[in-house]
Structures are given as structure tokens and as C-alpha cells.
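Notes follow the structure.
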Amino acid sequence: MDAKEINRIAWNNEVEKRNYWTIPVNHEEIEDARKKEIKIHLTPMKYMPTSFLEGTGDKALLLGGGGGQQGPLLAAHGKEVTVVDISERQLENDQIVCEREGLEITTVNADMCSLDFIEDGSFDFVMIPQSINFISELDKLYSEVDRVLKKDGVLIISFANPALYIFDVKKLERGKLKIKYTLPFNSEVSLSRKEIERKLDTMEYSHTLDEIIGGLLKRNFTVSDFYTDGSDTEPIDSYLVDCYIAMKLIKR
């Protein structure tokens with residue numbers, strides 16, 4: 001079984017486990033978005049500043065953004081939304097919210113690194129909420145984003161600080177911080193064959209800041225705004241403030 005298939009199954013299972021990123025927004029949140037008081041989480045604790053949506057145009061593409069959260073909120077806010085996600089269950093959450101709230105949204109069950117079904121320059125705005133850490137082909141993703149996004153279009157992206165990946169996850173779950181892995185973390189390399197064979201959760205990739213940020217700057221994206229957030233998890237937040245990073249960029 002390849003890494004993408006493992007992640008497809010894992011995220012379907014995360015819906016059953018009620019992972020934070022799989023819990024659909026409620027009616028009150030949709031109503032707030034309709035009144036232009038939109039509150040979107042790109043990171044665990046802080047809401048995305050509303051200024052991030054300025055100049056984003058009407059046609060929005062969410063990559064790895066299923067879960068009944070950002071997509072329906074953007075639709076309620078007046079965007080024409082397409083969501084691409086590898087998890088069928090995450091896309092079902094989007095449809096459930098939209099049916100409940102009388103919203104329209106397009107969902108596509110596909111790998112966000114392979115967008116052949118989308119024409120060049122089709123979107124005003126691309127959002128990648130907290131999903132690049134589950135793909136190995138970051139340059140391929142950026143190439144596709146660059147292709148489908150219009151000139152002067154907006155990219156909003158959030159990701160985990162690579163430093164989070166140095167810790168032993170099992171000990172962290174017990175409230176202990178122990179450094180175990182070298183960076184960049186790559187589940188296919190950093191884990192033993194036995195760990196991969198019995199893997200029940202996601203395959204992950206920390207990437208480097210040069211890959212994440214430098215990779216976009218080399219494609220002529222410019223950073224318009226950014227913010228950081230904590231993890232809402234002890235004991236990490238006692239040692240690392242900037243656990244998650246969100247950026248708004250413009251394609252030049």
C-alpha cells in the first residue's frame with residue numbers, strides 16, 4: 001500500500017475518531033459567514049484574520065480542505081467553492097453541511113498534487129489548510145497551484161512548523177517531550193519498516209522552510225501577510241510558540 005492510500009484510509013478513519021479537522025461547522029458559524037463575519041480556522045486556536053480574504057475574488061479552490069469547515073464557510077461568504085480532497089469521508093462532511101444549510105459546493109475526490117481536470121488560470125483564490133504535511137511532492141503541488149491560479153491571484157496556506165516533527169509522538173501523548181527524529185521528517189524514511197507496516201494513522205512529511213516558503217518565492221509568489229499559532233497541546237506550547245504558520249501570498 002502506498003503513502004497516499006494510507007493517508008486516504010487514515011483520514012477516513014479520523015472522521016470516525018472526530019479529529020479536530022474533521023468536525024463540521026455548526027449553523028451559527030454558517031450564519032456568521034453569511035453576515036460577512038466569517039471565522040475560519042487555518043491553525044488550531046486563532047481565527048484567520050478577515051484581511052486574508054481581501055482581494056481573493058469569487059472562485060475559490062480548497063486543496064486538502066475537506067471536513068465541512070473552510071469550504072462551507074467560504075460558500076456562505078459568497079465564494080464559488082471547489083474542494084479537492086483524497087478522503088471521501090471528509091468530502092461527505094462538506095456535502096452534509098451544504099445540504100443542511102442550502103449551500104452549493106463542488107467536491108472532487110482526488111490527489112491535490114494531480115489537478116489535470118482543472119484548466120489553467122481557473123481560480124482567483126487557492127486555499128491549502130493544514131495539508132501539505134501529508135504529501136511528499138511539495139514541488140509538484142506548487143506547480144499545480146501556480147498553473148490553476150490566475151495572475152495576481154491569492155494563495156492562503158497553513159502548515160506545521162517543521163520543528164514539531166523532532167518529538168517522539170508516543171511519549172508526547174503521555175505529556176513528555178523527547179527528541180527522537182532528525183529533520184526533515186519523512187514517514188517513509190524516518191520510521192522503521194515494522195512501524196510503517198503496522199501504521200494506522202497518517203504518513204507525514206515535515207519539509208523544510210526553504211522548501212515550503214522558498215519554493216513559493218521562487219515561483220514569483222510574494223508574501224502579503226502571515227501569522228503564527230500555538231498547538232493547544234501541552235507540553236509543546238510551553239517550549240515552542242510558533243507551532244503553526246499561516247501565510248497569504250500573491251501570484252505575480
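Throughout, read-outs are computed from the coordinates displayed, never taken from laboratory work. Every value quoted in this text rests on a predicted model; they were computed, and no experiment measured them. In this analysis, Cβ positions are derived from the backbone assuming ideal geometry, glycine residues included, and neighbour counts consider all displayed protein chains.
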Whether region 65-179 is rounded, prolate or oblate, judged on the alpha carbon gyration tensor where a/c under 1.5 counts as rounded: oblate
Enter the angle in degrees (range 0 to 90, nearest 10) between the Cα long axis of helix 3-17 and the first principal axis of the Cα atoms of the chain, meaning the one along which they spread out most. 80 degrees
Which one, Pro72, Pro235, Pro24, has the greatest fluctuation when you compute a Gaussian network model over the chain with C-alpha springs under 10 angstrom? Pro235
At 7 Å along Cα-to-Cβ for each site, give me the label-to-label distance between Glu37 and Lys194 in nm. 5.5 nm
Ignoring everything except DSSP H segments at least 4 long, calculate the 222 nm mean residue ellipticity for the chain; use -39,500 (n - 2.57) per segment, divide by total residues, nearest 500. -8000 deg cm²/dmol
Separation between the Asp168 and Asp2 pseudo-spin-labels, each 7 Å from Cα along Cα→Cβ, expressed in nm? 3.4 nm
Please find the FRET efficiency linking Ser51 to Leu240, where r is the Cβ-Cβ separation and R0 is fixed at 25 Å, and quote it to the nearest 0.05. 0.45
Starting with the fewest neighbours, write out Val83, Val25, Val189 ranked by other beta-carbon atoms found within 10 Å of each beta-carbon. Val189, Val25, Val83
